[in-house]
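Visitor: Okay, handing you the structure first.
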């Protein structure tokens, strides 16, 4: 457990209560093999950290200028809190080498197991929250996750707005949305398409794009926002 200051530097946060940091790094395998040395493992902190992480991500998306639908926010959040994404965050701060593992986990490669690393990231987030509160843990989470969040936000292909709109219009109105090209401008290799989407003859969204598919995607997103707002 030496050199935890290196981990704190990578994290960008210095713990006031080092016991919280140690608890966050303690896997249950170590706890069960060392009952005389420790009274806690990191599963409670992991549970707390999972909730804090989810809230920070959703708040960030909610306040984004792109005005995501609840479904889009749920999809992005789900992607960011899954095991593979969290283990990548763990690797970025070399978290694995600081974990307290039992001999069995140590022998079977526990320091590189995605599930253990993902759980430890959430536990670390829970520990920061208890140590310094929401503002500080939000800063740490965005420092660690912002590049991933922004990459997803910039990737319009990540959201299947057209399918989502189709499902929603069938459920609400019993019809499919209709897309119409309003105009196309520019040279052949630099065309910009303007497309409106209609539901039961009423325009619900407009999108501009370098292809019809892209313009339809943006139109569907605007329609979803309008449906969500009840307009």
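No lab work stands behind these numbers, since they all come straight from the coordinates. Here the structure is a predicted model, which means the values were calculated and not measured. Cβ: placed from backbone, ideal geometry, glycine included. Neighbour counts: every protein chain shown.
Visitor: Would you mind putting 28-36, 171-179 in packing order, based on average other-beta-carbon counts within 10 Å, highest first?
Guide: On the way: 28-36: 15.1, 171-179: 12.8.
Going by the mean number of other Cβ atoms within 10 Å, highest first, we get 28-36, 171-179.
Visitor: Students often get this wrong, so try it: which of (1) 53, 42, 35; (2) 72, 38, 35; (3) 50, 40, 31 is Cα extents along the principal axes in Å as calculated from the structure shown?
Guide: Recomputing Cα extents along the principal axes in Å here gives the entry labelled (2).
Visitor: Still on this model: What whole number of Å gives the distance from the Cα centroid of the stretch 1-63 to the Cα centroid of the stretch 64-122?
Guide: If you average the Cα positions of each part, the centres end up 12 Å apart.
Visitor: Moving on to the next point. Would you kindly state how much longer the chain becomes between residue 67 and residue 6 on full extension, computed as 0.36 nm times their sequence separation minus their alpha carbon distance, in nm to one decimal? Mind dumping the intermediate values first?
Guide: Details: separation 61, 0.36 × 61 = 21.96 nm, distance 3.83 nm.
Gain on stretching residue 67 to residue 6: 18.1 nm.
Visitor: Now for a separate question. What 222 nm value per residue comes from the helices of the chain, counting each DSSP H run with n ≥ 4 as -39,500 (n - 2.57) and dividing by all residues, nearest 500 deg cm²/dmol?
Guide: Values: 11 runs with 139 residues, N = 231.
Calculated mean residue ellipticity at 222 nm is -19000 deg cm²/dmol.
Visitor: Can you pull the Kirkwood radius for the stretch 161-229, inverse mean 1/r over Cα pairs, to one decimal in Å?
Guide: Answer for the stretch 161-229: a Kirkwood hydrodynamic radius of 11.9 Å.
Visitor: Also: Starting from the Cα of residue 208, step 7 Å along the direction of its Cβ; do the same at residue 147; then give the gap between the two resulting points in nm.
Guide: 3.2 nm
Visitor: Based on the alpha carbons, how large is the Rg to Rh ratio for the stretch 108-231 when Rh follows Kirkwood? Working shown, then result.
Guide: Values: Rg = 21.2 Å, Rh = 17.8 Å.
So for the stretch 108-231, dividing Rg by the Kirkwood Rh gives 1.19.
Visitor: Radius of gyration and Dmax for the stretch 1-131's Cα atoms, expressed in Å?
Guide: Rg, Dmax (Cα atoms, Å): 15.6, 53.
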